[in-house]
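First comes the structure, then the notes that go with it.
Laboratory data are not the source of any read-out in this text; all were calculated from the coordinates shown. Predicted model, so just to flag it, every value in this text is computed and none were measured. Heads up, the Cβs are rebuilt from the backbone with ideal geometry, glycines too, and the neighbour counts pull from every protein chain shown.
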């Protein structure tokens with residue numbers, strides 16, 4: 001079974017991460033239907049990456065069909081088949097994704113969702129290493145991940161009196177004015 005990039009309808013979801021997760025589950029279902037070896041458990045990093053590439057290819061195939069315009073923008077296809085733009089940073093020591101950004105349509109619904117998630121800081125899901133394997137797994141929700149904190153406790157009610165801040169500074173209570 002083969003999924004065409006134009007078959008992906010990505011404008012039915014409220015967030016980009018939900019859209020990407022649904023596409024990843026669809027790709028896993030297609031894999032499990034067509035192969036004897038079945039994938040189980042939570043979705044892995046590679047599955048999310050493959051889903052993201054498929055969504056981007058779908059956006060690009062629907063939006064960029066004029067070869068002359070792509071030539072003017074110095075667009076080229078990378079190893080995954082995604083259209084990228086050659087920038088002035090091509091000779092720098094930066095990451096490839098930074099030097100050659102993916103070309104996406106400006107007014108697309110999915111691009112709007114990506115912008116919203118970047119603005120809210122929720123775009124990238126945390127990656128964890130599981131002890132039983134060395135593969136990366138992406139957690140199901142950004143709220144499932146609680147980072148290690150250098151602060152042991154935020155409940156300082158016993159240590160500080162109500163007239164002191166948690167840093168030990170004295171709080172001056174304002175007096176009422178008799179008017």
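When 113, 27, 69 are sorted by how many other C-beta atoms sit within 10 angstrom of their C-beta, beginning with the fewest, the order is 69, 27, 113. Spin-label model, residue 177/residue 78: points 7 Å from Cα along the beta carbon direction are separated by 6.1 nm. Stretched out straight at 0.36 nm per residue, the stretch from residue 33 to residue 97 would grow longer than its current Cα-Cα span by 19.7 nm. With N as its number of residues, the range 1-120 has a Cα radius of gyration that, divided by 2.2 N^0.38 Å, comes to 1.16. Among 36-42, 17-23, 163-169, the peptide with the highest mean count of other Cβ atoms within 10 Å heads the list, and the full ranking is 17-23, 163-169, 36-42.
Where a ≥ b ≥ c are the square roots of the eigenvalues of the C-alpha gyration tensor, would you call the range 53-125 rounded, which needs a/c under 1.5, or, failing that, prolate if a/b is larger than b/c, or oblate? Here the range 53-125 falls in the oblate category. As a rough footprinting exposure proxy, the listed residues 108, 178, 66, 78 were ranked by other beta carbons within 10 Å of their own, and the order from fewest upward is 178, 66, 78, 108. Sorted ascending by nearby beta carbons within 10 Å, beginning with the fewest, 100, 76, 13 become 76, 13, 100.
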